[in-house]
Amino acid sequence: MTTMKVARVQSFIDPLVCEDVPIPVPGPFEALVRVEYSGVCHTDLHAARGDWPVKPPLPFVPGHEGVGTVISTGDQVTRLAVGDTVGNAWLWSACGECEYCQTGWETLCSEQVNGGYSVDGSFGTHMLVDSRYAPIIPADVDLKAVGPVLCAGVTVYKGLKMTDTQPGDWVLISGIGGLGHIAVQYAVAMGRRVVAIDVDDAKLDLAKRHGAEVTVNAFTVADVATEITQQTNGGVHGALVTAVNALAFPQAVASLRRGGTVALVGLPPEQFPLDIFTTVLFGLTVRGSIVGTRKDMTEALDFFARGLIQPTYTVRKLSEINDIFAELVAGDITGRVVLDLTDE
Ligand code: NAD
Ligand code: ZN
Ligand code: ZN
């Protein structure tokens, strides 16, 4: 067999096209993987629409939560072998040599390659991974459920670290979608007390099931920040914003207690106003957080392998990808969609 089935973005306007294309040959440090499952991240939708300033080269195959089996390797590969279960990730590779790579900040490397963006991803039967960066999937885990850990999981796990909160502190998770419902679980596992915000009661119910103590519907509650300040006796110590709506960002900042930190993770292509006086006088920190390093990934996968993280997912077919994107836009997906590529 020399061709593989993929869903490809041909333009930033038209639907994705399911087609057969040649199977790539792995380079010296690369491995070819038969993909079995792939999560669908809201980033894939931003990518397919060309939402962000740096756009992916057309055509491209999205997907950075793929899981499968190594079927061949390049001649320099030592870390992986045929038969291993591995994944791809947004941080597909980095240079390994710059000041960021040398200091534990490979996620900021300007030479990084991004899975399903600058290199083809996991919306297909086969994908290439860089053997030095591909996450190795722990033994005996549910392969459908582990995909969402590879982006949503590591991103919120690292983002929670970046809130600088401590066990017992309140942390606000804004947006209980693919990322947010997993963030609630990591936060609880890390001993934080969780406030969840969404605009949909079904998603807030999911947050409660995963241990959120306070839930607020931003669509129906008039003053979200005042409500949270009252319910947490002064505001949250940290906040993680995963919502794909610019309105959620100033709400999270306004919900912080003095000295609090908000980690911005959601990427709506918009701006938000930051009140200078409050930020200065209350000593607030507002910072961005982008996925996680290979070490963060190993830690995030370890929480999952120990049964502490249970993504909610629905299994769908590759041919449904355009419907799935429409449902993501409408906010109609609870948890994550996982594509089943085993029968393709
Ligand atoms: P998703 O569509 O599954 O979830 C978004 C959630 O936001 C939904 O539950 C929706 O109801 C909720 N929401 C919408 N408006 C809201 C509002 N005003 N207040 C609160 N909640 C609101 O998306 P996802 O896959 O979880 O991704 C979320 C965002 O994170 C995307 O922009 C994605 O590109 C970004 N992302 C960033 C990183 C990173 O490393 N920084 C990694 C992965 C994804
Ligand atoms: Zn993602
Ligand atoms: Zn680098």
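Could you please find all residues in the range 19-49 being basic (Lys, Arg) and either within 16 Å of ligand 1 (Cβ to nearest atom) or buried (at least 24 other Cβ atoms within 10 Å of the Cβ) (or both)? Break it down into steps so the answer makes sense when it comes.
So the first thing to find is which residues in the range 19-49 are basic (Lys, Arg), and the list is 34, 49.
Result: ARG49, single match.
In the range 183-194, the residues that are farther than 9 Å from TYR157 by Cα and of a type in the set (D, E, K, R) reach residues that are open to solvent by less than 10 Å² (accessible area, probe 1.4 Å) and part of a helix (DSSP H, G or I) with C-beta atoms within less than 9 angstrom, at least six apart or across chains, in these pairs: ARG192/LEU160; ARG192/TYR186; ARG193/ALA187. Among the residues of the range 271-285, is there at least one that is surrounded by 15 or more Cβ atoms within 10 Å (Cβ to Cβ), within 21 Å of GLY115 (Cβ to Cβ) and not acidic (Asp, Glu)? Among the residues of the range 271-285, not one is surrounded by 15 or more Cβ atoms within 10 Å (Cβ to Cβ), within 21 Å of GLY115 (Cβ to Cβ) and not acidic (Asp, Glu), which makes the answer no. Checking VAL221, VAL265 one by one, the residue that is over 18 Å from THR278 (Cα atoms), more than 16 Å from ligand 3 (Cβ to nearest atom), among the β-branched types (Val, Ile, Thr) and open to solvent by 20 Å² or more (accessible area, probe 1.4 Å) is VAL221 and no other.
Selection of first residues in the range 94-120 that are more than 24 Å from VAL9 (Cβ to Cβ) and open to solvent by 40 Å² or more (accessible area, probe 1.4 Å) and of second residues that are more than 7 Å from ligand 3 (Cβ to nearest atom) and hydrophobic (A, V, I, L, M, F, W, C), restricted to Cβ pairs under 7 Å at least 6 apart or on distinct chains, gives the following pairs, ordered by first then second residue: TYR100/LEU108.
Looking for something surrounded by fewer than 19 Cβ atoms within 10 Å (Cβ to Cβ), under 30 Å from THR242 (Cβ atoms), aliphatic (A, V, I, L, M) and more than 12 Å from ligand 2 (Cβ to nearest atom) - is there at least one such residue anywhere in the range 50-72?
Scanning the range 50-72 turns up at least one residue that is surrounded by fewer than 19 Cβ atoms within 10 Å (Cβ to Cβ), under 30 Å from THR242 (Cβ atoms), aliphatic (A, V, I, L, M) and more than 12 Å from ligand 2 (Cβ to nearest atom).
So, of the residues in the range 1-56 that are among the aromatic types (Phe, Trp, Tyr) and in a loop (DSSP other than H, G, I, E, B), which turns out to be farthest from ligand 3 (Cβ to nearest atom)?
So the first thing to find is which residues in the range 1-56 are among the aromatic types (Phe, Trp, Tyr), and the list is 12, 29, 37, 52.
Imposing the further condition that a residue be in a loop (DSSP other than H, G, I, E, B) reduces the set to 12, 29, 52.
Values: PHE12: 28, PHE29: 15, TRP52: 20 Å.
Per the criteria, the residue is PHE12.
Show me the helices (runs of 4 or more DSSP H) entirely contained within the range 157-252 in which 2 or more residues are within 11 Å of ligand 1 (Cβ to nearest atom). Even if it seems obvious, please write down each step before you answer.
Details: elements: 178-189, 201-209, 224-231.
Fully inside the range 157-252 and qualifying: 178-189, 201-209.
Considering only the range 315-344, state which residues are of a type outside the set (S, T, N, Q) and in a helix (DSSP H, G or I). Residues satisfying the conditions are LEU318, GLU320, ILE321, ASP323, ILE324, PHE325, ALA326, GLU327, LEU328, VAL329, ALA330.
A residue that is over 19 Å from THR285 (Cβ atoms), open to solvent by 10 Å² or more (accessible area, probe 1.4 Å) and in contact with a strand residue (DSSP E or B) (Cβ under 6 Å, 6 or more places away or on another chain) occurs nowhere in the range 150-171.
The values are calculated or read from the model by the stated rules, or taken from the named source; none is laboratory data. Everything numeric in this text was worked out from a predicted model, so none of it was measured. No Cβ is skipped: glycine too gets one built from the backbone with ideal geometry, and neighbour counts run over all protein chains shown. To get the accessible areas, we keep the full protein, side chains included, count just its heavy atoms, and leave off ligands, DNA and RNA. Shrake-Rupley method; radii C 1.70, N 1.55, O 1.52, S 1.80 Å.
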